[in-house]
Amino acid sequence: MSEQKTSQNYSFQAEVAQLLHLVTHSLYSNPEIFLRELISNASDACDKLRFEGINHPEYYENDPDLHVRVSLDKDNKTITISDNGIGLNQQEAIDNLGTIAKSGTKDFMTKLTGDQKSDAQLIGQFGVGFYSGFIVADKITVESRRAGLSSEDGVRWVSGGTGEFEVEQINKASRGTDIILHLRDDALEYLESYKVKQIINKYSDHISLPIQMQKEVWQEDQVADGDEEKAPNGKMVKTEEWETINSASALWTRNKSEISEEQYIEFYKNLSHDFDAPLAWAHNRVEGSTEYTQLLYIPAKAPHDLFTRESKAGIKLYVKRVFIMDDADNLIPNYLRFVQGVVDSADLPLNVSRELLQESRDVKTIREGNARRVLTLLDGLSKSEDEKDQEKFKTFYSEFGSVLKEGLGEDFGNRERILKLLRYATSNSDDVSTSLADYKSRMKDGQKAIYYVTADSLNAAKNSPQLELFKKKGIEVLLMSERVDEWAMNFVQEFDGTPLQNVSKGAVDLGDLQDAEEKKALEQAAEQFKPVIEKLGESLKDKTKEVRVTTRLVDSPACLVTSEGELSPQLIRMLKQAGQEVPEIKPILEINPEHPLVKKLEGSAQFDDLANVIFDQAVIAEGGLPEDPAAYVKRINNLLLK
Ligand code: ADP
């Protein structure tokens, strides 16, 4: 029966067209990855069939052995990657091969620099998938039929990889997808079977399905009549037999000792679409009440969407080697969402849904096991004597340290383990390399707490007025300048038995580090300044909750502090920026009785201007802005003119 329907033309979504341009112009340095990408898609399609086949056994038709086949056609200069997986219907072909459905694409596009090398890296992280075919082909034909549809409902999709593609209905007897690449003249090397086998072995060996090519046999050429003197030469000819060229067993099911470092790395690259090797991995078979295999990787680079809300965990869930779902975020806590890998459980039912996952006790056990394993892996790197490991830990920390800190508020059970991994700059060193244990080992005699300051930037932290007394006394203070710090430290009271103390919260109490004379001087100053303080409290009553003298300042006239247990000004600023409702909390103003400006207050004719300027400057010193900047400027000018 001939088809009456004619083909229809479609345009690629703008992002796809842009991506295609990049693919063909930036990925030349490593063209052979097209095969890995297409085989990986074919394998995913088979995984999907296996999954849907649980409820629809009829989808298997009479063809239950799933495989990927690669065929080479020298006459037509094509290489074809075929699978008998789930296939595509017409609409799916239009949607999936004409648009990029993934969120974050636009975001990704804006990050491209035009520099080939770094763009290629980014593309690698992002995963070009199907479109990588255009690195070696100037035309791609896709012929597909979805499992469950009849053979007339096949689809052909053709594109030259520029702006458009063409779709028509075809007859296709076999289920699944053929991707036919019409090779460019500069890519004809991919018609050589030895070359293709090599690439498959390099990149796709671990794919759990058989990847097959037509078996070739050595055949001697017929020696032409009258040409007897020439030695008979032979050539390889194809047979009808298919041979499997990969190991075809899921990598994670093999014994560690049988897997080479290179195989682990290639598996990771396939899994994550990352061009870079991972920093480290952990592969274990966990036995006990819940049995599962975990293969978890720590990438070397943070993905571009690590901090967007849609950012998903990169764990694939398998049940007894059947692929169940991508991005199973129940299998790893949110603060470890950068981890990529595979979990294969023997205990979950095959028809497990996302909802069921949330409630399952086995899943909870697996999640905890995964978190523990990743933290142990990181701990090992951080403690290793090996310089390479230390370098890896540094890389990890600069890429993912701030995500890890989220764990302080999220995973109480592992708080101490997480704390051990954290590194900070300190008032003695800008290097983000001091652990809490390092800090403790350098504490002064008589020092009872680990002191830290939080601010919006390293500079603001370093120059924070609250640090002045500590500097004078030579007491080291941890500098915390990441957005997450302030929030995360709310959950931390102590480390290894030593309390942690935010120096801008509450009154300074240096305990034994402060001598009796200083305490006495403070009491005297408080007495002497009583009238000024009362007057200040009156002038600033809308802005502060209390005014008091302090010994914590050396060079600055004043600073803001928060009561123990209250939100700090930085945190309030952050929450406001994030559009959250924040209760109005007034800070405490502490003044330095030794400062000339403060001394000037007494009997000043411009008391009110001076008081407000001192307050606003304390806000500025913290990295904030005066509530009414124009009024601040006016007051300063008034004072300057007098
Ligand atoms: P990704 O695989 O990362 O989603 P691709 O660009 O590689 O992105 O593929 C886009 C979509 O096209 C896939 O998500 C899948 O739905 C579909 N697809 C690609 N190759 C195949 C195939 N061999 N069989 C069935 N569907 C496929």
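The values are calculated or read from the model by the stated rules, or taken from the named source; none is laboratory data. These numbers were taken from a predicted model, which means no experiment stands behind them. In this analysis, Cβ positions are derived from the backbone assuming ideal geometry, glycine residues included, and neighbour counts consider all displayed protein chains. Heads up: the accessible areas ignore ligands, DNA and RNA and are worked out on the full protein's heavy atoms, side chains in. Shrake-Rupley method; radii C 1.70, N 1.55, O 1.52, S 1.80 Å.
Structural remarks
- Entries in 420/440; 530/634; 392/420; 405/586 that, when Cα-Cα distance is taken, lie over 18 Å: 530/634; 405/586
- Of the solvent-accessible surface of region 513-641, computed with a 1.4 Å probe and all protein chains present, 53% belongs to carbon and sulfur.
- Cα centroid separation, region 436-470 to region 516-552 (Å): 24 Å
- Segments 561-568, 173-180, 352-359, 298-305 sorted - mean Cβ within 10 Å per residue, highest first: 173-180, 298-305, 561-568, 352-359
- In a simple Cβ point-charge model (Lys, Arg +1; Asp, Glu -1; nothing else charged), the chain has a dipole of about 2040 debye relative to its Cα centre.
- Relative packing of peptides 445-454, 632-641, 362-371, 432-441 - highest average C-beta neighbours within 10 Å first: 362-371, 445-454, 432-441, 632-641
- Taken along the Cα-to-beta-carbon direction at a fixed 7 Å, the label points for residue 197 and residue 496 span 5.7 nm.
- A protection proxy built from the mean count of other Cβ atoms within 10 Å ranks the segments 585-595, 146-156, most packed first, as 585-595, 146-156.
- If the chain linking residue 218 and residue 56 were pulled fully straight, counting 0.36 nm for each residue of separation and taking away their Cα-Cα distance, it would gain 54.0 nm.
- Positive end of the dipole of region 251-392 (Cβ unit charges, origin at the Cα centre): among 339, 302, 384, the Cα lying farthest that way belongs to 339.
- Normalised per residue, the accessible area of region 251-392 is 48 Å², obtained with a 1.4 Å probe and no contribution from ligands, DNA or RNA.
- Net length gained if the chain between residue 519 and residue 65 were fully extended (0.36 nm per residue, minus Cα distance): 155.1 nm
- For the residue pairs 48/364; 77/197; 77/139; 269/383; 505/535; 599/642, the alpha carbons lie more than 21 Å apart in 48/364; 269/383; 505/535.
- Karplus-derived 3J(HN,Hα), 6.51/-1.76/1.60, for each residue of region 82-93, Hz, glycine and proline x: 10, 9, 10, x, 5, x, 10, 8, 4, 5, 5, 4
- Extension gain from residue 435 to residue 580, taking 0.36 nm per residue of separation minus the Cα-Cα distance: 49.0 nm
- For the chain, with +1 on Lys and Arg beta carbons and -1 on Asp and Glu, the positive-most of 413, 82, 447 along the dipole: 447
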